[in-house]
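No value in this document is a laboratory result; all are computed from the given coordinates. These numbers come from a predicted model, not from an experiment. No Cβ is skipped: glycine too gets one built from the backbone with ideal geometry, and neighbour counts run over all protein chains shown.
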Amino acid sequence: MPTETVKSKVEDTSRTWVSGLDELEKTPITETRWGRFASRLWAGTWPKVLALVIVIGAWQVLFLSEWKAPWVLPAPLTVWQDLVEYAATPDYLQAIVITLQRALTGFALSVAVGSVLGIAVARFKPLRAAIGSLITGLQTMPSIMWFPLAILLFKISESAILFVVVLGAVPSIANGIISGIDYVPPAWKRVGAVLGMKGFQLYRHVILPATLPSFVSGLKQGWAFAWRSLMAGELLVIVAGQGSIGALMQGAREFNDSARVLTWIITVLVIGILVDTLFKAADNRIRKSWGLSTDR
Amino acid sequence: MTQTRNETRVEDTARAAGAVVLTDVVKRYGRGPGAVTALDGVSLTVEPGRFVCLLGASGCGKSTLLSLVAGLDDISGGKVEHVDQPVAMMFQESALFPWLTVLGNVEIALRVRGVGRAERRRRALELLETVRLTGFAHKRPHELSGGMRQRVALARALAQDASVLLMDEPFGALDAMTRDLLHDELERIWREQNLTVLFVTHNVREAVRLGDQVVLLSSRPGRVLNVYDVELDRPRRIDSAPVAALAAEITDALREEVGRHAN
C-alpha cells in the first residue's frame, strides 16, 4: 500500500528528528565527578582554614599583649590542651549527650507543633488574621524573656527548658511553612486541579511537596532559635544531677576556669557548624534536584 | 473512544464521548458597572475526534473559554456540555513538579485516579514511549529542554485518559524548530489516540497547520466571528503554500477585528 509506506517514512523521519534534537539538548559533561568533587571541596575549605588562622592569630596577639591576666584570657594553646584532655573524659561526652537530647526533643516537638500551626494558619483565613502577625512577633522576642515565666510555671525542671526551646523554635518553623504555602506557583495548583485533585489530595501531592525548600529553611532557622534558647536556658535553669553543657560551663565560671569556659564555647560553636552543614547539605540537595542551583 | 468521525450526527454529539458543546456561554468578571465581559454568547460544537483551534488576539477570552470547559472556573451564563469528566489540559508552561522524576510526573496523574502502583508504572512508561521520552524517565524536569518538558506534560495529560484534550498555547514559549517538531508529534498522537483537541493559539499558521477547524474569536468581549474548515491533506507543513494562503486570509480577518479597537 503506497499510502502506508509514505506514512511510515514520515514516521521514521520525525522519530530521527525528535531523538536528534533531544540529543543536542543534553549538556556535555566535561569534568569527571571526582575532579569536580575535589575542586569543590578545596573551594569550600580554604576560606574556612584562612579565617580560623586569622582568628587564632589575633587571639594569640591579644594574649601576648597582656591585655588581661593569663588566667582570665588564656592562650589558644592552653585552651586547646584543655579541650583535648577534657574531650577524653566521660563528663564532656555526657554533657554533650544531655544537651543534644534536650535540643532534639525540643526541636522534634517544635517541628510537630510548628508544622500543624503553619498549615492551619495558611489554610484558614480567620486564623491567619488572628495569629499570623503574632507568630512573627514571637519570632522576634528574645527567648530569655520567657525563662522567669517558665520557672514559675514549671519550677527548675526539664519542662521549663523544653517550654522555652519550643517557644523559640515554633514561630520560625510555622513561618517557613506559611510562606512556602503562600508562594506555591499557581501553575502547579492549576495542574493539580486539572488532574482532579481536591482538598487533602492537593495538599498531599502538590502544596506540601512544593513548600519543601521553604520548610527546610524554616527548620534551619528554627534549629538556630532552639539551640540558642537551650543554651540560655541551661545557664539559667540548672537542673540538679544533669551535667549539661550549660551547667558545666556555669560551674567552670564559678571556679574562674577561663580555659574550660572557652573549651565549651568552642564545642558549642563546632556543634552549631556541624548542624548547619547538615541543613546546608539538605538544602543543596533540594536545590540541585529541583534545578534551582546554578552549577549542574 | 472508537467513535468514527464522520458518522456522528450533530444532535447526538452532546451525548457522544469526546464531544464538546458550548451554548451561549457567557463569562463575566466582577459585578455591577465595573464588571468585565470576557465571553459574550459563545456557541460552538466540537465533534468527537476533531482538532479545533481557537484563534484570537489578546482579550478574546480564549484561555478563559478553556478554563470553563475544564471546569476550573465558574460559568456566568449558558452551558458547557461534554460527556466524560474530567477533560485533560495542557498549558503554555509545562508546570511539571520538580520534586518528581519525569516518570513520577506522569504517574501522579494516574495515582490521583486511583490506579495501582504496578499498573501506574507500566502505563506511565507506555505514555513516555508515546511521546518518545523513554530514555528520560528517571531524569528531573530541569534536566530537560522546554520542548521535552512539554512532551512530558502531554504524556501527563494523556494519562488522564480523557477523550478531550484542551491545550492552552502549549507551544507558545518554544523555538520555531521545536514547535514544528511538536506539531508533527501532536498530530500523530491525536490520530493514534483518537482525541478531540481544543487548541488555543494566537499563531494563525499554527492554527491552520494543526486544525480541522479554526474558530476565530473577537476581542473584548469574546464572540465567535467565523469558523474556517481547513480541508487540507495531512500531514501538512507549516511553510507550505496552501497553509500560508489560508493563514493569510484568516490573518486579514483578525487584523480587521483588532483594528476595530483602535482609537
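Couple of notes before you dig in:
- Residues that are of a type in the set (A, V, I, L, M, F, W, C) and under 16 Å from B:A176 (Cα atoms), drawn from the stretch B:200-242: B:V204, B:A207, B:V208, B:L210, B:I238
- Output for the stretch B:70-113, where each listed residue is within 9 Å of chain A (Cβ to nearest Cβ), charged (D, E, K, R) and free of Cβ contacts under 8 Å to residues at least 12 places away in the same chain: B:R111
- The residues listed here are A:A122, A:A112, A:A130; of these, the one that is in contact (Cβ under 8 Å) with a residue 24 or more places away in the chain and either under 30 Å from A:A210 (Cβ atoms) or not basic (K, R) (or both) is A:A122.
- Residue within the stretch B:42-55 that is more than 9 Å from every other protein chain (Cβ to nearest Cβ), of a type in the set (K, R) and closer than 21 Å to B:D161 by Cα present: yes
- Taken over the stretch B:156-187, the criterion of being of a type in the set (A, V, I, L, M, F, W, C), over 27 Å from B:D239 (Cα atoms) and away from chain A (no Cβ under 11 Å) is satisfied by B:L158, B:V164.
- Residue count, the stretch B:119-129 (criterion: more than 12 Å from chain A (Cβ to nearest Cβ) and under 21 Å from A:S14 (Cα atoms)): 4
- Within the set B:S163, B:S145, the sole residue that is hydroxyl-bearing (S, T, Y) and either within 25 Å of B:T64 (Cβ to Cβ) or out of contact with any helix residue (DSSP H, G or I) (no Cβ under 8 Å at 6 or more places or on another chain) (or both) turns out to be B:S163.
- Listed by position, the helices (runs of 4 or more DSSP H) enclosed by the stretch A:66-151 that each have at least 1 residues that are under 30 Å from A:D182 (Cα atoms) are A:90-123, A:125-140.
- Verdict on A:L262 being farther than 20 Å from A:I161 by Cβ and in contact with a Pro (Cβ under 9 Å, 6 or more places away or on another chain): yes
- Considering residues of the stretch A:194-211 that are among the small types (G, A, S) and surrounded by fewer than 19 Cβ atoms within 10 Å (Cβ to Cβ) only, the residue farthest from the other protein chains (Cβ to nearest Cβ): A:G199
- Subset of the stretch B:83-117 (residues that are of a type in the set (V, I, T) and farther than 20 Å from A:P213 by Cβ): B:V83, B:V87, B:V102, B:V106, B:V112, B:V115
- With respect to the conditions (1) surrounded by fewer than 22 Cβ atoms within 10 Å (Cβ to Cβ); (2) more than 14 Å from chain B (Cβ to nearest Cβ), A:P185 falls short on a single one, namely (2).
- When each of A:S143, A:S115 is tested for being small (G, A, S), in contact with a Leu (Cβ under 9 Å, 6 or more places away or on another chain) and crowded, with 16+ Cβ neighbours inside 10 Å, the lone residue that passes is A:S143.
- Selection of first residues in the stretch B:187-200 that are among the small types (G, A, S) and of second residues that are surrounded by fewer than 19 Cβ atoms within 10 Å (Cβ to Cβ), restricted to Cβ pairs under 9 Å at least 6 apart or on distinct chains, gives an empty result.
- B:G116 being surrounded by fewer than 18 Cβ atoms within 10 Å (Cβ to Cβ), more than 10 Å from chain A (Cβ to nearest Cβ) and over 30 Å from B:P221 (Cα atoms): yes
Residues checked against (1) within 14 Å of chain B (Cβ to nearest Cβ); (2) exposed (fewer than 10 other Cβ atoms within 10 Å of the Cβ); (3) in contact with a Phe, Trp or Tyr (Cβ under 7 Å, 6 or more places away or on another chain):
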| residue | (1), (2), (3) |
| --- | --- |
| A:S14 | yes, no, no |
| A:S19 | yes, no, no |
| A:D22 | yes, no, no |
| A:W46 | no, no, no |
| A:L52 | no, no, no |
| A:G57 | no, no, no |
| A:W71 | no, no, no |
| A:A75 | no, no, yes |
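- From the list A:A281, A:A259, A:A232, A:A247, the lone residue that is surrounded by fewer than 19 Cβ atoms within 10 Å (Cβ to Cβ) and on the phi < 0 side of the Ramachandran plot is A:A281.
- Of the residues in the stretch B:163-179, none is crowded, with 18+ Cβ neighbours inside 10 Å, among the charged types (D, E, K, R), within 24 Å of B:L68 (Cβ to Cβ) and touching a Cys at 6+ places or on another chain (Cβ under 9 Å).
- In the stretch A:118-127, the qualifying residues are those that are surrounded by fewer than 17 Cβ atoms within 10 Å (Cβ to Cβ) and touching a helix residue (DSSP H, G or I) at 6+ places or on another chain (Cβ under 7 Å), and the one that is farthest from A:W223 (Cα to Cα) is A:L127.
- Checklist (1) within 20 Å of B:V42 (Cβ to Cβ); (2) surrounded by 22 or more Cβ atoms within 10 Å (Cβ to Cβ); (3) more than 11 Å from every other protein chain (Cβ to nearest Cβ) applied to B:L210, failing item: (1)
- Flag: B:L182 does not match the condition of being in contact (Cβ under 8 Å) with a residue 60 or more places away in the chain, of a type outside the set (K, R) and surrounded by 19 or more Cβ atoms within 10 Å (Cβ to Cβ).
- A single member of B:G135, B:G146 is within 10 Å of another protein chain (Cβ to nearest Cβ), touching a residue at least 24 places away in the same chain (Cβ under 8 Å) and either of a type in the set (G, A, S) or over 27 Å from A:L292 (Cβ atoms) (or both), and it is B:G146.
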